[in-house]
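The values are calculated or read from the model by the stated rules, or taken from the named source; none is laboratory data. In this text the structure is predicted, and so the values were computed from the model without any measurement. Note: ideal-geometry Cβ built from the backbone for every residue, glycine included; neighbour counts use all protein chains shown. With ligands, DNA and RNA removed, areas are computed over all heavy atoms of the protein, side chains included. Shrake-Rupley method; radii C 1.70, N 1.55, O 1.52, S 1.80 Å.
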Amino acid sequence: MKPVFLFLFLCASAQAFAAEPVVRLKAKLTAFDGQVMTLEPVPVAASQPSTLSKLLGAKPAPQASLTVSILPETRYVASQRTDFAAIKPGDYAGAAVEDSNGNLRAQDVYLYAPALRGSGEGRFSEAGRLIVNGTVREVKPADKDNKAKSDGGLTLHYRGAMLSGAGAGRTVCEGRASPPAYASALACEADAAIAVPADTPVSALTVGDKSLLVPGRVVTVAMTKAGDGKNIAPGVIVEKPLPVEKPQSAP
């Protein structure tokens, strides 16, 4: 799974720990001693930041190996492959998308467990990609059987932080949603219609614990600075490998 979101509930968690900018980093976990993760960043393609990212002065992720400490309050999410057919109207889901003149095409799709509903709601740039998270309004499976194969579709309803100009008289609702009690007068709502090719990876996200931090796994970390300057991780998403099927023994 490519960088999420992601994401995510990680943003709100991180801001509760420090006023430092939040960095979202996809990396390989090379070592973990029970308190400190050693991470090797995974390169991602660069893209143009959104208008909101520019206004907020988004901080880029580091490119060299680094260490990040977990906390008793750190939250963990497990990510594992699933099928697009598992997504139903009313679910909470998200997608990493390409935006071609307002036409959204999924590169990855995410299905959130009920306990993660509302995580990272909105439309925003993260780790070089555009992310949309919201409530599923409509699902259309891809046509895999017809010779002229057609894409599936996913319509997500989301709340954003502000309306931004998108050229040619268009506006886009973007940014991460704030809780209703804290939403500004600039807050917005919108539907995102996303084309989903038949081969798009789909990942199910569930609540996990520290036992997920196994060296060799790929993680997405919401990282900020503690008062002493050390890196801390209020939230971590861990990609779980698919189970290895054992070969059947000969009769």
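Points to keep in mind about this one:
- With every protein chain in place and a 1.4 angstrom probe, the accessible-area ranking of Asp108, Asp199, Asp99, largest first, reads Asp199, Asp99, Asp108.
- The share of alpha-carbon pairs in segment 68-130 lying farther apart than 17 Å comes to 53%.
- Given Lys26/Lys240; Lys26/Lys140; Lys28/Lys240; Lys28/Lys88; Lys28/Lys210; Lys88/Lys240, the pairs whose alpha carbons are separated by over 20 Å: Lys26/Lys140; Lys28/Lys88; Lys88/Lys240
- Semi-axes of the equivalent ellipsoid for segment 126-227, Cα gyration tensor, largest first, Å: 28, 26, 13
- Listed peptides 31-37, 170-176, 186-192 by packing density, highest first (mean Cβ within 10 Å): 170-176, 186-192, 31-37
- Under-5 Å amide H pairs with Asp91, H placed in peptide plane, nonlocal only: Val136
- Exposure rank, largest accessible area first [Asp83, Asp151; 1.4 Å]: Asp83, Asp151
- Whole-Hz Karplus values for segment 73-82 come out as 8, 4, 9, 10, 10, 9, 10, 9, 4, 9 Hz, taken residue by residue from phi with 6.51 cos²θ - 1.76 cosθ + 1.60 and θ = phi - 60°; glycine and proline positions read x.
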